[in-house]
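The values are calculated or read from the model by the stated rules, or taken from the named source; none is laboratory data. Please read all numbers here as calculations on a predicted model, not as lab measurements. Ideal geometry is used to build each Cβ from the backbone, glycine not excepted, and the neighbour counts take in all protein chains shown.
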Amino acid sequence: MDTKNYEQLLLEHGIKPTANRITVVKALEASMLPQSMAELQNRIDTIDKSGIFRTLQLFREHHLVHVIDGAVDGQRFELCHSHHDDHDDDVHPHFYCEQCQQTYCLDGVMMPKVELPEGFEAHTSNYIIKGTCPHCKK
């Protein structure tokens, strides 16, 4: 993706494109796997931790990133493939490898439907399967 495409993606999500925001989007896109805050800090040496964190929170509010809770090293972030700023149509489960400690997106795998009791309203969900990835299984 070139800079114009990153700018367009931000605009589609109602986010003003700035140099820092484009840098964070590029880092998420290049990573191919959901990234922890520490991994993003290592990838991005031009923005301090608080700047990266604020950018990720803005992206989360505008449905540009998924936040994966429950990973061993805290939250992980991945770029959404959705192009909507008001909802996320890219919800999918994740797989955590207990050997290499990588978190993988299971794109194309449907999330299980959970019927909530009356009165409960879901806002988000995380579905993480833990085990051994194909690389570690060899």
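Residue check: is residue 68 surrounded by 18 or more Cβ atoms within 10 Å (Cβ to Cβ), at negative phi and assigned to a strand (DSSP E or B)? Considered against the rule, which asks whether it is surrounded by 18 or more Cβ atoms within 10 Å (Cβ to Cβ), at negative phi and assigned to a strand (DSSP E or B), residue 68 comes out as yes.
Given the structure, is residue 53 farther than 24 Å from residue 130 by Cα and either modelled with pLDDT of 80 or more or in a strand (DSSP E or B) (or both)? For residue 53, the condition - farther than 24 Å from residue 130 by Cα and either modelled with pLDDT of 80 or more or in a strand (DSSP E or B) (or both) - is met. Filter region 118-138 down to the residues that are surrounded by fewer than 10 Cβ atoms within 10 Å (Cβ to Cβ) and within 21 Å of residue 91 (Cβ to Cβ), then identify the one that is modelled with the highest pLDDT. Looking at the filtered set, the residue picked out is 120. Please work out if residue 21 is out of contact with any helix residue (DSSP H, G or I) (no Cβ under 8 Å at 6 or more places or on another chain) and not in a strand (DSSP E or B). So residue 21 does not fit the description; no.
Scanning region 96-115 for residues that are in contact with a helix residue (DSSP H, G or I) (Cβ under 7 Å, 6 or more places away or on another chain) and surrounded by 15 or more Cβ atoms within 10 Å (Cβ to Cβ) yields a single hit, 97. Tell me, yes or no, whether region 14-24 has at least one residue that is closer than 25 Å to residue 123 by Cα, surrounded by 13 or more Cβ atoms within 10 Å (Cβ to Cβ), among the hydrophobic types (A, V, I, L, M, F, W, C) and touching a Lys or Arg at 6+ places or on another chain (Cβ under 7 Å). Yes, that holds for at least one residue. Of all residues in region 38-60, those satisfying the criterion of being within 12 Å of the chain's Cα centre (by Cα) and either among the acidic types (Asp, Glu) or surrounded by 16 or more Cβ atoms within 10 Å (Cβ to Cβ) (or both) are 40, 56, 59, 60. Right, residue 28: closer than 23 Å to residue 135 by Cβ, in a helix (DSSP H, G or I), out of contact with any helix residue (DSSP H, G or I) (no Cβ under 7 Å at 6 or more places or on another chain) and modelled with pLDDT of 90 or more or not? Judged against the criteria, residue 28 is a match.
On the stretch given as region 7-18, residues that are assigned to a helix (DSSP H, G or I) and closer than 12 Å to residue 55 by Cα total 1.
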